[in-house]
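The values are calculated or read from the model by the stated rules, or taken from the named source; none is laboratory data. Since we're looking at a predicted model, the values are computed, not measured. With ideal geometry, Cβ positions are generated from the backbone for all residues, glycine too; neighbour counts draw on all protein chains shown. Note: areas computed on protein heavy atoms with side chains; ligands, DNA, RNA excluded. Shrake-Rupley method; radii C 1.70, N 1.55, O 1.52, S 1.80 Å.
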Amino acid sequence: MFVINKDICVCCHNCASECPMQAIDFVGTKYEIDQEKCVQCGLCAKVCHTTACHEEPVNPAVIKLHDTITYDADLVVVGTGTGMVSAVKAAQAGKKVIMLEKSSKTGGNTDYAHGYFVTYSDWHKEMGIPDEREGAVAHYMKNSDYEIEEGLIRTAVYGTCDFFSWLCTLCDIKETYRLTRAEDTDFHGPMYGQGVLEMTNRRFDNLLCRDDAIGPGWGGTHVKYTMMDAIEKQNLDVRILTSTAAEHLILDDEGKICGIEARDPGGIVKINCKAVMLACGGWGRNDEMLKEYADFDFFGGETPIHRFSVWSDTGDGVKMMHELGVEPDPQRMFVSCFGPKHHPFNNSIADFALEPIFPQINILGKRWFNETEGIMNGLEKITAQPKEISYAIFQYDMIKEMADAYAVNPAYANKKQFYATWEADLDHEATLDTPVKKADTLAELAVLIGANPEVFVAELEKYNGFCRKGVDEDFGKDSKFLKEIPLDKGPYYAVYGQRFSEAAFGGVTVNPKCQVLRNDGSIIPGLYAGGDCTSAMHRKGKLAPISELTWGMASNYTAGCNITAYLEGREEKEGGR
């Protein structure tokens with residue numbers, strides 16, 4: 001029998017999209033397999049990137065224990081997401097590389113990341129887009145309030161460009177991405193410059209999914225597959241040990257890396273090596289670390305925060321550094337958490353529900369904030385609401401008008417396929433017990449969300465009065481977003497919203513060469529780190545000035561160059577900062 005482990009499922013929709021029997025759907029806020037519909041084909045387990053979908057064997061296999069297994073390598077890379085980049089870069093220089101992956105599948109959070117931002121490349125030059133890398137460094141320094149070391153920002157900007165130029169030698173990048181001018185795209189994010197590199201459609205995995213909010217299948221997946229392809233085609237000396245968790249770093253008498261100890265289901269695995277790259281992800285699934293380092297009560301309230309972190313994101317880098325007497329700096333660690341958003345459900349409905357013309361109502365039937373503030377600024381306020389739940393309220397004609405506007409807006413042209421099925425998606429979610437409530441009257445809608453009908457209707461009548469006057473007397477919402485809700489023309493909808501967390505970042509301090517530092521600022525020779533486990537782009541309570549996948553690619557490419565130089569006894573950076 002195939003089942004879904006709800007504790008580790010991130011609700012990426014992959015299994016539900018691919019299921020030929022449509023046997024997988026939401027029960028509450030988690031996916032579940034309808035065993036009466038399931039034909040035991042096993043496709044869900046095959047396409048699941050987190051191993052949440054799995055078969056429960058009738059007779060579980062007995063794990064065969066083994067004595068310590070010993071390997072030799074030049075470099076051990078911990079993590080098979082962005083760590084693939086540093087592994088392949090070192091292997092191309094003739095180094096023997098072993099990769100350790102805690103999960104039985106490769107990719108980690110990288111498989112759920114959309115894209116990275118490249119400021120300049122030969123492709124930019126071909127399109128007449130100028131080299132704006134120095135401007136980007138200054139821009140991101142300003143965005144970080146000058147709290148992040150310039151050298152790290154420079155590594156992020158230049159390292160991503162170096163990485164991309166290298167990536168283009170490994171694949172036909174134009175088959176997957178498009179490079180557009182900023183004025184020709186609807187993208188909004190931590191980017192800079194006149195050129196925007198985008199994967200406009202999911203090209204890998206989860207192709208049947210109508211939700212573009214979360215992978216797998218986007219830019220992170222493309223890089224992973226490109227690296228795997230390079231390993232095979234170039235016959236690189238890279239060995240991947242899955243279901244093998246790194247546990248202890250080993251130093252020699254001079255304090256240099258000389259090995260690493262890991263554990264697979266059967267016992268200890270020891271690898272003698274000269275360098276280790278920590279690309280083991282963050283700690284979004286480590287409850288104890290979240291309690292200690294999150295700058296808010298992550299576990300407070302009645303409704304659990306939905307987590308997109310894969311189950312293996314447990315802060316292993318921080319744990320191994322702790323054994324060496326190195327403690328993380330809490331001021332350089334960040335937990336992403338936002339809300340309200342219609343996660344983990346359909347993203348087209350989520351996009352519509354966040355439109356500021358729709359009032360957000362709590363389960364008491366009261367409006368609770370200025371809807372123009374959005375999910376980035378609503379966390380503290382939604383946390384104060386009963387059960388930390390909010391509903392976007394609208395009537396059918398209003399949502400249809402919004403959907404029609406999206407359909408003809410050139411800025412959303414690349415999302416037409418996701419928005420085209422909005423009505424079917426809305427009606428389907430209304431048949432489930434959580435995502436969408438639908439009723440012919442507002443009083444009936446109030447009952448469905450658990451609110452007092454008199455309070456709920458009176459609140460919307462008051463809101464309509466603000467709309468007629470053009471003044472939001474409660475929260476000061478801009479008058480251009482004040483639009484009345486017809487009180488006698490159903491059907492009406494309430495779209496569920498809650499808090500969600502993408503991941504938790506930081507803990508391992510690095511310099512611009514991606515060498516790992518002790519608390520006194522000294523380096524640990526042979527130890528490098530990149531991506532989510534590093535305290536590089538993050539600060540407590542503040543968004544990173546540049547995206548996580550951008551830093552992940554830049555840091556792993558930079559580290560790959562510098563590791564090669566270290567292993568060869570050279571000091572030149574060869575692409576590293």
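Annotations for the structure displayed:
- Across all C-alpha atoms in segment 1-62, the radius of gyration and Dmax reach 11.0, 35 Å.
- DSSP-defined beta bridges in the chain - what % are antiparallel, rounded to 5: 65 percent
- Sum of -39500 (n - 2.57) over DSSP H runs of 4+, divided by residues of the chain (222 nm, nearest 500): -8500 deg cm²/dmol
- A straight Cα-to-Cα reach below 12 Å connects K46 with the aspartates and glutamates E18, E55, D205, residues fewer than 8 places away in its own chain not being considered.
- Alpha carbon convex hull of segment 450-546, volume per residue in cubic angstrom: 191 Å³
- Dimensionless Rg over Rh [segment 235-279; C-alpha; Kirkwood]: 1.00
- Summing charges over neighbours of I250, with a neighbour being any other residue whose Cβ is under 11 Å away from its Cβ, gives -2 when K and R count +1 and D and E count -1.
- For segment 1-136, share of DSSP beta bridges that run antiparallel, in % to the nearest 5: 65 percent
- Phi-derived couplings, Karplus 6.51 cos²θ - 1.76 cosθ + 1.60 at θ = phi - 60°, listed residue by residue for segment 300-310: x, x, 9, 9, x, 5, 6, 10, 8, 5, 6 Hz, with x used for Gly and Pro.
- Over all Cα atoms in segment 264-345, the spread is summed up by Rg and Dmax: 15.8, 48 Å.
- Alpha-carbon Rg/Rh ratio, for segment 99-141, with Rh computed the Kirkwood way: 1.22
- Cα-derived Rg over Rh, computed across the chain with Rh taken as Kirkwood radius: 0.99
- Straight-line reach from K366: taking Cα to Cα under 23 Å and skipping same-chain neighbours fewer than 8 places apart, the lysines in range are K341, K381, K387, K437, K438, K462, K469, K477, K480, K483, K489.
- Packing-based order for 550-556, 267-273, 127-133, using average beta carbon neighbours within 10 Å, highest first: 550-556, 267-273, 127-133
- Close amide H partners of R307, meaning residues 5 or more places away or on another chain with modelled amide H under 5 Å apart, are S501.
- Separation of alpha-carbon centers, segment 1-77 and segment 223-245, rounded to whole Å: 22 Å
- Whole-percent carbon and sulfur share, accessible surface of the chain, 1.4 Å: 49 percent
- Put simply, the C-alpha atoms of segment 176-245 give a gyration tensor, and the ellipsoid matching it has half-axes of 29, 16, 12 Å, longest first.
- Dipole axis of the chain (+1 Lys, Arg; -1 Asp, Glu on Cβ), positive-most option in A403, T68, T110: T68
- Distances between placed amide hydrogens fall under 5 Å for I250 paired with C258, G259, I260, E261, all partners being 5 or more residues away or on another chain.
- Calculated translational diffusion coefficient of segment 411-503 (37 °C, 0.692 mPa s; Stokes-Einstein with Kirkwood radius over alpha-carbon pairs) equals 212 µm²/s.
- Dividing the C-alpha radius of gyration of segment 300-385 by 2.2 N^0.38 Å, with N its residue count, gives 1.45.
- In a reduced charge model with +1 at each Lys and Arg Cβ and -1 at each Asp and Glu Cβ, the chain shows a dipole moment near 540 debye about its Cα centre.
- Ordered by solvent-accessible area of protein heavy atoms (1.4 Å probe), largest first, the residues C38, C161, C168 come out as C168, C38, C161.
- Highest-first packing order for the peptide set 430-436, 178-184 is 430-436, 178-184, based on the mean count of other beta carbon atoms within 10 Å.
- Environment charge of G374, counting only residues whose C-beta is closer than 15 Å and scoring Lys/Arg +1, Asp/Glu -1: -2
- Sparsely packed loop sites in segment 188-292 (the GluC sites (Glu not before Pro) outside DSSP H, G, I, E and B with at most 13 other Cβ atoms within 10 Å) comprise E254.
- Per DSSP, loop GluC sites (Glu not before Pro) in segment 137-170 with at most 16 further Cβ within 10 Å: E147, E149
- Looking at segment 1-77, the GluC sites (Glu not before Pro) that sit in a DSSP loop and have at most 15 other Cβ atoms within 10 Å of their own Cβ are E36.
- Principal semi-axes in Å for segment 60-135 [√(5λ), Cα gyration tensor, largest first]: 38, 18, 8
- Per residue accessible area of the chain, 1.4 Å probe, in Å²: 41 Å²
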